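The values are calculated or read from the model by the stated rules, or taken from the named source; none is laboratory data. Because the structure is a prediction, the values reported are computed rather than measured. Glycine also receives a Cβ, built like all others from the backbone with ideal geometry; neighbour counts cover every protein chain displayed.
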Amino acid sequence: MISLPKHWTNLNELKKGDVVSLAIQRDRSLAVFPGPGSKKRAKEITLHIDPSEKAKTIKRNIIACYLNGYSDIKLFSKDIFPVFQQKAIRNIVRILYMRIMECNAKNMHIVTLMDESKASVTSGIQRIHILSDSMFQDVLSSLETQDPLLAKTSFQLEDDIDHFSYFMFRLLRRAALDSALANQLDIEISDCLDYQTLVHLIEQVANNTSNIAKHIVLLRDRQLKISEPLIKLMLNAGNNAHAIYNQAVQAFFSNSADNAAEIIERGKLVEKSDQEIATWAFLHEKKNPVIICATCSIRESIKRIAEYGREIALYTIHRSFSPK
């Protein structure tokens, strides 16, 4: 027999004879739900938009609402939505996997139709990693051949990574605040921050990979080519950075602290290659500032990707000592 607080029963409009459901949480506590498997009502919010409001501001506000768990967003304009605002709203709705349910000149009603309780955190993050890993491999191949067409394909993968990242951020933020959702997702609330950091680092890897691709395209558009010796140095650094990043994510999910320690040490190889790239670029490519600038940007992105991999490995070591 359980005695329930009167305020709680009134809040949920329960009366004598109504059924409530119990769920065992991951910390072995019990959660009481009003009704057998009842679902919470979707969170709603209304945004009032000025006709002169910038598209970037509107996008940021919609994203903020989405990340904070709002599934039903109503947008009202004081006058009418200008064309640039309509385009911005439709673009961000597509990115966030939402749908426009109602629309006219002065208001829009957008909702998310995804059932988050059936999502998988680990599968979702692993899918983002697979996309970013494929993106990085393609960019390294395009760097080796200096092929702009292959480099351009990576931009499409970056969009997919952004889409999934927003969804995972929303899911993890909600799970951190809702123990019932965390229980359904089979994750500890304390893990939400680690997973959120992991998604952020994977997203940063994709952003830096995209930066490498942009400079490959830029050089080809200007009919410039990086010398073969310099390409070899950058590929050596890139392959090591790729191995560090890929193995770090695998170590994170397998909770392998020993492998993580080896990955961190391997980062020294990229640091050494980075110095060799800089030396060669300034001594042998000094006649062309465009090539030097592109080389500096590419080597910086490669170095950052390796650093993100080492950060993931470091988080793995920290997690290995967390109490079970």
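Answer with yes or no whether ILE305 is surrounded by 15 or more Cβ atoms within 10 Å (Cβ to Cβ) and over 21 Å from SER141 (Cβ atoms). Spelling it out, it is not the case that ILE305 is surrounded by 15 or more Cβ atoms within 10 Å (Cβ to Cβ) and over 21 Å from SER141 (Cβ atoms). MET98 - would you say it is in contact (Cβ under 8 Å) with a residue 24 or more places away in the chain and either closer than 30 Å to ALA241 by Cα or in the same structural domain as ALA213 (by TED's automatic domain parsing) (or both)? Taking the combined requirement at face value, the residue does not satisfy it. Can you spot a residue in the range 151-168 that is surrounded by 19 or more Cβ atoms within 10 Å (Cβ to Cβ) and more than 15 Å from ILE128 (Cα to Cα)? Yes - at least one qualifying residue is present in the range 151-168. Scanning the range 101-112 for residues that are exposed (fewer than 13 other Cβ atoms within 10 Å of the Cβ) and either outside the structural domain of ILE73 (by TED's automatic domain parsing) or without any contact (Cβ under 8 Å) to a residue 12 or more places away in the chain (or both) gives MET101, GLU102, ASN104. Among the residues of the range 158-179, those that are hydrophobic (A, V, I, L, M, F, W, C), in contact (Cβ under 8 Å) with a residue 60 or more places away in the chain and more than 24 Å from ILE24 (Cα to Cα) comprise PHE167, PHE169. Considering (1) at pLDDT below 95; (2) within 30 Å of ILE24 (Cβ to Cβ), the lone condition that VAL199 does not fulfil carries the number (1). Of the helices (runs of 4 or more DSSP H) lying entirely inside the range 206-324, those containing at least 2 residues that are under 22 Å from the mean Cα position of the chain (by Cα) and either under 28 Å from ASP194 (Cβ atoms) or acidic (Asp, Glu) (or both) are 228-254, 289-320.
Scan the range 69-93 residue by residue and report those that are in a loop (DSSP other than H, G, I, E, B) and touching a strand residue (DSSP E or B) at 6+ places or on another chain (Cβ under 8 Å). Matches in the range 69-93: GLY69, LYS78, PHE81.
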